[in-house]
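The values are calculated or read from the model by the stated rules, or taken from the named source; none is laboratory data. The structure displayed is predicted, hence computed values, not measured ones. Every residue, glycine as well, gets a Cβ built from its backbone with ideal geometry; the counts of neighbours run over all protein chains shown. To get the accessible areas, we keep the full protein, side chains included, count just its heavy atoms, and leave off ligands, DNA and RNA. Shrake-Rupley method; radii C 1.70, N 1.55, O 1.52, S 1.80 Å.
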Amino acid sequence: EWEEDDFFWHTKILPILHELEKRDNIEHLCLACTKLHQALDEGNMLGKKFKRRNVLLKTLYKLFDIDSDPLSLKLVKIILAMKVDGKSLLSVCKLAFKICGNEKNDFIVQNDTLLDYLLQVLCNEDLQTNNEALVYCVAAIKFMSEKEGLLNKMVSKGAVEMFLELMKQINNIKEHDTYFSKLGHLLVQLAAALRALAAWPQARRRLSRGGAGPELCAALERRGGDKDVCLCIVGLLSKLSTYNDFCAALADCSRCYILFLALLNKYQKQQDLVVHIIFILGNLTAKNDQSREQFFKEKESVNTLTSLFQTYYELDLNAPTLHDDRKGKNHLKYPSKSEDVLIKLIRVLANLSIHPGVGAALAAAPPVVGLLVTVLEYKSVDACEELVINAAATINNLSYYKVQNSAVQDKKLQIAEMLLKLLMSDNMDAVVEAVRVFGNLSQHHEIRDFIIQKKIYKFVIALLDSKNREVCFPACGVLLNLTVDENKRAFLMEGGGIGKLVDCLQDFGPADWQLSCLICKTLWNHSENMTSAASCLGGDTSRLLELLTALLGE
């Protein structure tokens, strides 16, 4: 065997090494490296057992200083195939990182087998001995995962499972271990790589099946004091939580709510971290009633949200909202970073308020309602559209609940004044939200008096012309509540109110019985004590009669 190896070395390998030592042009060097790799494979000389391994590696290392990424790529693959470790592995992983990080190399990287060699490193190398080399290895793979052509290949070769296994190993390292802090860098790169893969459905399925949610939560729990690690992990979770399958899996991880609240309290003024966590909570509570209840029941959950709200509202008040362009003209610059947090916070409150028990509790919480009213009071819908509309929508949710000590009812006249501003705006979404809130609040006689006194009913009647169900439905709700008071019913005769209601019945009646019922109840209340149809319903009597007869036909 020794004689055979010697013969193969002298006849096949050594001539190629002499070619490489000439440091001829790049093309010749690349070709020589390809021939060398093939020859080593043919002679079974790859790996650690080859006796002239050191001579071979020294020749290859001397080529590192040549500035050519195609050549470096060939060298990296040969050296990794020789199963180097320690400083040699670190050097070659750094070189792989440099190659993959250069966008000019996208084509050669995508059409090469480098990925296979890097994945081998992930599988085979010891976490504690080669942790720094693994950082560069994972970072190189992360660059690759940003290239669409490699995503499918990466997932099919088990990259997701390898990343999760590595994360599990890191999570098992004890905090007092000397390697603990160093492994934070590796976690950052792992989270970044998984975030790049998260857009791929097959990768997400593997993440859910592999228990990524609990592992990421475990990493957050162990690394809560490392802001960079926390930021990367919540960044990954915020992306994953936008997908229903993963969001449902994360919702089942019961400790996630405690963790998120702890991080919000610890890093209250770290906007980049806070905005990700609030976004995740918004997604968790968007469709899942159990998540709403579970989060609400966590200790100090609502107090944490209101404290954050207060902090970022004050920051937003002091944030610059104007900037000058090159021509010296002022332009609005929204939303500010603080406002972005407020928008996402209000979304969480709106989602929580859908749950009957939680919504009723929030409706009776003066700090929550007070902050929402403050937004409507100090912010204009023109400047902060999403923030103001979300605040109005949340008040609408809370105003639905009829509870003792309701903070919404206590502030109903103040809220009505704020809603009047929205009704006067040119923003139709804001108008509709305002009318929805009036639909709930007009069950109280003080608000009905306010609507009549401020002639808001004229505006509501005009909305019936919109031919839009989402606009007409809340408008009819307000009109129905106003007709409860016998002394106010005459208002419907103004502005063609009866005719517009009949038009709505004609437009929506055959397909929308819910809206039709609102219209008919309103007309019923209005005509309760009529002496004649003509005096009560005017010129629309015969048209209404024909329409009702048609709608009652089989």
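Can you name the residue in segment 278-298 that is charged (D, E, K, R) and in contact (Cβ under 8 Å) with a residue 24 or more places away in the chain and is also least open to solvent (accessible area, probe 1.4 Å) among such residues? Only one residue fits best here, namely ARG292. It is to be established whether one or more residues within segment 519-529 are closer than 28 Å to ILE447 by Cα, under 42 Å from the mean Cα position of the chain (by Cα) and part of a helix (DSSP H, G or I). Within segment 519-529 (the criterion being closer than 28 Å to ILE447 by Cα, under 42 Å from the mean Cα position of the chain (by Cα) and part of a helix (DSSP H, G or I)), the answer is yes, since at least one residue qualifies.
If you check VAL435 against the conditions, is it of a type in the set (Val, Ile, Thr), in the same structural domain as GLU486 (by the TED database) and open to solvent by less than 10 Å² (accessible area, probe 1.4 Å)?
No.
When LYS337, LYS287, LYS333 are screened for being charged (D, E, K, R), modelled with pLDDT under 95 and in contact with a strand residue (DSSP E or B) (Cβ under 7 Å, 6 or more places away or on another chain), only LYS333 passes. Hey, does segment 418-427 have a residue that's more than 28 Å from ASN283 (Cα to Cα), surrounded by fewer than 21 Cβ atoms within 10 Å (Cβ to Cβ) and small (Gly, Ala, Ser)? Scanning segment 418-427 turns up at least one residue that is more than 28 Å from ASN283 (Cα to Cα), surrounded by fewer than 21 Cβ atoms within 10 Å (Cβ to Cβ) and small (Gly, Ala, Ser). When residues in segment 72-113 are screened for being closer than 12 Å to LYS147 by Cβ and hydrophobic (A, V, I, L, M, F, W, C), 4 of them pass. Of the helices (runs of 4 or more DSSP H) lying entirely inside segment 1-75, those containing at least 3 residues that are surrounded by 14 or more Cβ atoms within 10 Å (Cβ to Cβ) span 14-21, 26-42, 53-61. Note on segment 444-470: residues that are open to solvent by 10 Å² or more (accessible area, probe 1.4 Å) and closer than 23 Å to ASN390 by Cβ amount to 6.
For VAL388, the stated conditions hold: it is among the β-branched types (Val, Ile, Thr) and either within 24 Å of the chain's Cα centre (by Cα) or not assigned by the TED database to the domain that holds ASN303 (or both). Here the condition is being more than 18 Å from LEU220 (Cβ to Cβ) and in contact with a Leu (Cβ under 7 Å, 6 or more places away or on another chain); of TYR267, TYR312, it holds for TYR312 alone.
Cβ-Cβ distance below 6 Å, separation of 6 or more or different chains: which pairs start in segment 254-272 with a residue that is charged (D, E, K, R) and end on one that is open to solvent by less than 40 Å² (accessible area, probe 1.4 Å)? From residues that are charged (D, E, K, R), the pairs are ARG255/CYS217. The residues of segment 406-451 that are closer than 21 Å to ALA462 by Cβ and of a type in the set (Gly, Ala, Ser), listed by number, are ALA416, SER425, ALA430, ALA434, GLY439, SER442.
Consider segment 102-151 and keep the residues that are out of contact with any Gly (no Cβ under 9 Å at 6 or more places or on another chain) and among the acidic types (Asp, Glu). The one that is farthest from LEU90 (Cα to Cα) is GLU148.
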